[in-house]
1. Working only within the range 82-106, note down all residues that are out of contact with any His (no Cβ under 9 Å at 6 or more places or on another chain), more than 19 Å from V138 (Cβ to Cβ) and surrounded by 14 or more Cβ atoms within 10 Å (Cβ to Cβ).
2. Select from the range 218-235 the residues that are of a type in the set (S, T, Y) and at pLDDT below 95 and write down the one among them that is farthest from S267 (Cα to Cα).
3. Among all residue pairs at least 6 apart or on different chains, which show Cβ distances below 9 Å where the first residue, located in the range 306-319, is in a helix (DSSP H, G or I) and the second is surrounded by 14 or more Cβ atoms within 10 Å (Cβ to Cβ) and of a type in the set (D, E, K, R)?
4. For E287, state whether it is of a type in the set (D, E) and in contact (Cβ under 8 Å) with a residue 12 or more places away in the chain.
5. Could you say which residue among I290, I208, I269, I246 is at pLDDT 95 or above, in contact with a Gly (Cβ under 7 Å, 6 or more places away or on another chain) and among the hydrophobic types (A, V, I, L, M, F, W, C)?
6. Has the range 53-73 got any residue that is in the same structural domain as E96 (by TED's automatic domain parsing), under 30 Å from I275 (Cβ atoms) and surrounded by 12 or more Cβ atoms within 10 Å (Cβ to Cβ)?
7. Determine, yes or no, whether T292 is surrounded by fewer than 20 Cβ atoms within 10 Å (Cβ to Cβ) and over 20 Å from F343 (Cα atoms).
8. Pairs only if they're at least six apart or on different chains, beta carbon under 6 angstrom, first in the range 331-354 and in contact (Cβ under 8 Å) with a residue 40 or more places away in the chain, second part of a loop (DSSP other than H, G, I, E, B) and among the charged types (D, E, K, R); list them, first residue then second.
Amino acid sequence: MDEYQKKLDALFAVVLSENASDLHISEGKPPMIRVTGFLVPLVKYPPITKEDAMGLLSVLITKEEQEKLKVRRDVDFSYTYQEKARFRGNAFYQQEMISIALRHIPKHVRTLAELNLPSILEELAARQQGFFLVVGPVGHGKTTTLAAMIEVINQTRSEHIVTIENPIEYIYEAKKSIIDQREIGTDTADFKSGLNAAFRQDVDVILIGEMRNPETISAAVTAAETGHLVFSTLHTNNAAQTIDRIIDSFPSQQQPQIRAQLAGSMSGIFSQRLIPRISGGMVPTYELLINTAAVANLIREKRTHEIPTMIETGTEHGMIDMNRSLAELVRSGEITIENARAFSPNPSILDKFI
């Protein structure tokens, strides 16, 4: 065990020193890290053997999780490295070989300003109720953004915050608020069970790690309707697609009801991407939909295809258009025009702003 603990600690030290976002350990290959979006092999390390993979795994996960891996062929877990950092992990089999993917979760919850995110997110975090989603592809900072918003509440209000995560990622230090963090499989059976239980826990704010099924979505929307502030994530590309994805996940006979509930309870949708910065590192670009009376009408009337136009013209309400966000990053010298076009939902419109 000591031998593999030392190997693992050495790899984590590289992740921190290189400011990497991810570490990949796979049989037959050298370890690899992801830096500013690109995978880099650690060529000083020999390829991982089966014995190495199993040894490292024995340090990373419990015996119960090892049994779950054997049966399910993949398992989610979290790991704390010497009180310096946390890692969200997934171990899985591929072609009967072990692979491990580890995402670095910084120990410090960064502020919205440190993350280069708009200050209006503080105003949305200050609301007493509503359903707020942060959306985007895997690995583009959704969890980090939500953590920053939870920390705003933690520092400014006396609330009971319950998080339901798989696995727990950021560890919060309670300040003005009480924060209870529940992990799927350890503290509660699943997202739906944890969310239903929260109603009996005198909760004010609920963070759901991910909206995975209609039951969880329905419970989350109901929570927002009944006076709670609910945060969650979805793997969608923009606000309009997010609303359609939520509604389409329900049987047709239930869709009118969920459409009406969303229109009434949703506070906003924040879509973000991380783009390589010219000076190094990554910088976010984003779209923000705020649920005004006009937006709520579009949702009720099945006119979500008009939401992008509503965002473009909704600056006075605090809405942010992705193309304008990209253009501002280009004008300030943060990103290249090429990268802006690559991430733009409509490059021809982007060119008009630059």
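The values are calculated or read from the model by the stated rules, or taken from the named source; none is laboratory data. Since we're looking at a predicted model, the values are computed, not measured. Here Cβ is always computed from backbone atoms with ideal geometry, including for glycine, and neighbour counts include all displayed protein chains.
1. Y93, M97, I98
2. Residues of the range 218-235 that are of a type in the set (S, T, Y), as a first pass: 218, 222, 226, 232-233.
Now narrow it down to the ones that are at pLDDT below 95: 218, 222, 226.
Numbers: S218: 16, T222: 13, T226: 14 Å.
Ranking the qualifying residues of the range 218-235, first place goes to S218.
3. P308/E287; P308/D321; I311/E287; I311/D321; E312/D321; E312/R324; T315/D321; T315/R324
4. Values: of a type in the set (D, E): yes; in contact (Cβ under 8 Å) with a residue 12 or more places away in the chain: yes.
So E287 passes the test.
5. Working: I208 fails: in contact with a Gly (Cβ under 7 Å, 6 or more places away or on another chain); I269 fails: in contact with a Gly (Cβ under 7 Å, 6 or more places away or on another chain); I246 fails: in contact with a Gly (Cβ under 7 Å, 6 or more places away or on another chain).
After applying the criteria, what remains is I290.
6. At the first step, the residues of the range 53-73 found to be in the same structural domain as E96 (by TED's automatic domain parsing) are 53-73.
This time we only want the ones that are under 30 Å from I275 (Cβ atoms), so: none.
No, the range 53-73 contains no residue that is in the same structural domain as E96 (by TED's automatic domain parsing), under 30 Å from I275 (Cβ atoms) and surrounded by 12 or more Cβ atoms within 10 Å (Cβ to Cβ).
7. It is true that T292 is surrounded by fewer than 20 Cβ atoms within 10 Å (Cβ to Cβ) and over 20 Å from F343 (Cα atoms).
8. These pairs meet every condition: E334/R277.
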